[in-house]
Amino acid sequence: EGRVRCAVQKDGGDDPDATNGILIYAMALYTFFVTTQAIINIIKYRKYDSPIMSTAKMISLTAALVSMLSLETAMLYEFGQEMTMENKRIMISLTGGGVGMMIIIMSIYMIVRSTKEIKNLRNKAACEGTQQSSLDGTPIA
């Protein structure tokens, strides 16, 4: 994946971290691209029913969500001059809380799914081991 770096310049005004406007557009392009790709890949690889692929795609979605939060923060500081600092903090906090909750939900889902998959594999291995011989000890052909 390509990466876009965002330059931050310090100023003495109300905005402690002001981002150059043109970089926000590059950041927005990158953010929407990785978010779209993450969603498409989750849908595309879902049919393979592979916990490893599913986990990798969820990690990509997590990175995209964090990128979306970073974009919101940069846009609020660059284009939200009419908003008070308190309103900016509230919006960023709510979005950050939502992103955090989505990450926690995805994490729980991955843990539950992998635990079930491990149990299924153990049960399958145990059944295969017991099916190879009959009750009286003679091997089954």
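Of the listed requirements (1) modelled with pLDDT of 85 or more; (2) open to solvent by 40 Å² or more (accessible area, probe 1.4 Å), residue 4 misses just one: (1). For the stretch 26-55, how many residues are closer than 15 Å to residue 117 by Cβ, open to solvent by less than 80 Å² (accessible area, probe 1.4 Å) and free of Cβ contacts under 8 Å to residues at least 24 places away in the same chain? Residues that pass the stated criteria total 2.
Residue count for the stretch 75-87, restricted to those that are at pLDDT below 90 and among the polar types (S, T, N, Q): 1.
Exactly one residue out of 103, 90 is within 14 Å of residue 68 (Cβ to Cβ), part of a helix (DSSP H, G or I) and modelled with pLDDT of 90 or more, and it is 103. Taking first residues from the stretch 110-130 that are within 27 Å of residue 42 (Cβ to Cβ) and in contact (Cβ under 8 Å) with a residue 60 or more places away in the chain and partners that are β-branched (Val, Ile, Thr) and assigned to a helix (DSSP H, G or I), the Cβ contacts under 9 Å between residues at least 6 apart in sequence or on separate chains come to 113/55; 114/55.
Restricting the stretch 79-98 to residues that are under 26 Å from the mean Cα position of the chain (by Cα) and charged (D, E, K, R), the residue that is surrounded by the most Cβ atoms within 10 Å (Cβ to Cβ) is 88. Test residue 118 against the criterion of being among the β-branched types (Val, Ile, Thr), assigned to a helix (DSSP H, G or I) and over 21 Å from the mean Cα position of the chain (by Cα), and give yes or no. The answer is yes for residue 118.
The values are calculated or read from the model by the stated rules, or taken from the named source; none is laboratory data. All values reported here derive from a predicted model rather than from experimental measurement. Quick reminder, even Gly has a Cβ in these numbers, built from the backbone with ideal geometry, and neighbours come from all protein chains shown. What goes into the accessible areas is simple: the full protein's heavy atoms, side chains included, and nothing from ligands, DNA or RNA. Shrake-Rupley method; radii C 1.70, N 1.55, O 1.52, S 1.80 Å.
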